[in-house]
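Everything on this sheet refers to the single structure shown next.
The values are calculated or read from the model by the stated rules, or taken from the named source; none is laboratory data. Model, not experiment: these values are computed from the prediction. Positions of Cβ are backbone-derived with ideal geometry, glycine not excepted, and every protein chain shown enters the neighbour counts. Accessible surface is based on the protein model in full, side chains and every heavy atom, while ligands, DNA and RNA are left aside. Shrake-Rupley method; radii C 1.70, N 1.55, O 1.52, S 1.80 Å.
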Amino acid sequence: MVEKFIKELKEALESDLQDRIMKEREMQSYIEEREREVAEREAAWKAELARREVCFFFSSLSLPL
């Protein structure tokens, strides 16, 4: 009787451990995806800022025609 209880308890703990490992992996994957998205938005923002700075620089030049 006690051995059966211990066996079932071990199985339940193992199952719980596997669930926690899976959830941790899913969370890590989610975090990595959000980090990639943020990095992509940051790169796009920096590229747009650089483009605007170049446009501003050339529009501020007073070149005679």
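Given in Å, the Rg to one decimal and the Dmax to the nearest whole number for the Cα atoms of the chain are 28.4, 99. Provide the net charge surrounding Asp19, with neighbours chosen by a C-beta distance below 12 Å and charges set as Lys +1, Arg +1, Asp -1, Glu -1. Charge balance in the 12 Å sphere: -1.
Note on the chain: helix-only mean residue ellipticity at 222 nm, from DSSP H runs of 4+ residues weighted -39500 (n - 2.57) and normalised by residue number, equals -34500 deg cm²/dmol. The residues of the chain expose on average 101 square angstrom of accessible surface per residue, using a 1.4 Å probe on protein heavy atoms.
Given a 1.4 Å probe and every protein chain left where it sits, what share in percent of the accessible area of the chain is carbon and sulfur? Don't jump to the answer; show the numbers that get you there.
Values: 4070 of 6550 Å².
The value for the chain is 62 percent carbon and sulfur by accessible area.
For the range 25-41, the residues whose amide N sits under 16 Å from a probe point set 7 Å from the Cα of Ala50 along the beta carbon direction are 39-41.
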